[in-house]
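Before any comments, here is the structure.
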Amino acid sequence: MMQCLVPICFTLVWFWFLTKLLEECRWLVAEVRESIPKELDFLVEAKNSIKCMDNFRKLSPRIADYVYAPRVYWNLSTSKLLTMEYMEAAQVNDLKSIQRLGIQPGDVVKLVSETFAEMMFKHGFVHCDPHAANLLVRPLPPGRRNIFGRRKPQLILLDHGLYKELDYNTRINYAALWKALVYSDADGIKENCVKLGAGDDLYALFAGILTMRPWNKVIDPSVDHLVVKGTDSDRSELQMYASQYFPQITELLRRLPRVILLMLKTNDCLRAVNGSLIQRPSVESFLIIGRVSSEAVLESVLSQKRSLLSWINFWVQKILLEGRLCVMHIAVWLLQLQKALTL
Ligand SMILES: Nc1ncnc2c1ncn2[C@@H]1O[C@H](COP(=O)(O)OP(=O)(O)O)[C@@H](O)[C@H]1O
Ligand SMILES: [Mg+2]
């Protein structure tokens with residue numbers, strides 16, 4: 001009898017545990033249920049790639065030439081078969097091939113950051129699977145070199161199966177949150193975390209998850225606060241977040257809109273891609289995020305009130321933004337110089 005009871009009890013406990021886990025992760029189950037049929041329809045994938053490129057042409061003309069998706073051969077494609085242009089290019093984490101092509105890895109990191117910042121903060125239509133195998137790099141046609149004579153990169157986006165749309169409010173709140181994170185604006189961080197649903201009690205945890213930094217680093221006013229290599233105590237604080245705050249993390253994931261969870265996944269992929277190209281996270285990437293998120297917030301203010309005054313205000317703010325970014329670039333440069341001299 002006892003021999004029989006043990007496996008039955010074990011199965012019941014296991015079943016109870018699985019049910020609890022599924023309850024906690026209901027959002028994940030719902031997400032998978034919604035995404036999988038779309039990912040398996042190749043015509044949806046082809047249409048996503050067209051929409052993505054259209055967005056770059058219309059909303060991000062400054063970098064539209066630098067981002068590319070393979071041409072779709074519609075007459076040879078169905079929902080079960082996708083035929084497209086073959087791309088001769090290096091995988092984004094293939095450092096040697098990228099250097100052989102005459103492209104600087106740092107330029108690729110900047111382009112990747114700018115491309116995804118534009119998608120998140122301005123298009124609200126985001127490729128949510130940007131791992132290294134889905135991103136290729138090739139040089140722009142000859143003749144297009146930067147001021148140091150280096151070849152400029154073009155980023156090729158593959159695998160357009162998993163896209164997420166951010167509605168207007170979520171997109172602007174998310175942009176305002178990243179703007180506040182880059183500029184160490186504690187009030188702005190709290191306000192926008194709360195607007196996104198993290199709540200008064202879990203906003204610091206949300207900021208920590210987004211930046212992978214403890215709260216004291218998140219609000220540190222130094223220009224490189226989001227990239228400085230963490231000390232041992234920072235690392236243990238983060239580890240403590242992960243273990244001690246497991247219930248809060250689960251609660252936070254339950255509260256946030258599902259689309260923001262997909263943005264977290266996207267950020268994670270981008271962090272890994274950038275990590276494979278350069279050893280340390282780049283301050284430049286965060287300045288790009290600061291620029292694009294600020295532009296998105298400014299554009300939203302202008303779109304709500306179209307008058308001569310708001311137009312003038314928009315341009316004044318834009319010039320101030322350029323000035324602020326310029327000062328931050330100089331500060332970064334001075335910091336790097338100081339570090340090089342003390343080595
Ligand atoms: N247009 C293309 N040109 C060159 N290589 C491609 C192209 N499309 C896909 N690939 C290669 O095939 C791999 C798998 O394609 P992908 O569209 O990402 O499918 P999956 O959904 O299986 O990841 C990519 O990682 C890339 O190496
Ligand atoms: Mg893929």
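Every number here is computed from the coordinates shown, using simple stated rules; none is lab data. For clarity, every value in this text was computed on a predicted model and none was experimentally measured. Using ideal geometry, Cβ is built from the backbone for each residue, glycine included, and neighbour counts are taken over all protein chains shown.
Some observations on this one:
- Where labels lie 7 Å past Cα in the beta-carbon direction, separation of Thr83 and Glu165 in nm: 3.0
- Charged side chains reduced to their Cβ positions (Lys and Arg at +1, Asp and Glu at -1) give the chain a dipole of some 940 debye around its Cα centre.
- Contact order relative to length of the range 25-89, as percent, for alpha carbon pairs under 8 angstrom and 6 or more apart: 32
- The alpha carbon convex hull volume per residue for the range 242-331 rounds to 152 Å³.
- Cβ crowding within 10 Å ranks Trp215, Trp333 as Trp333, Trp215, fewest other Cβ atoms first.
- Under 5 Å between amide hydrogens, built in the peptide plane, is the criterion, and for Lys152 it picks out Leu140, Asn146 among residues at least 5 positions away or on other chains.
- Kyte-Doolittle at least -0.5, axis length at least 30 Å by Cα - qualifying DSSP helices, the chain: 2-24, 283-304, 308-342
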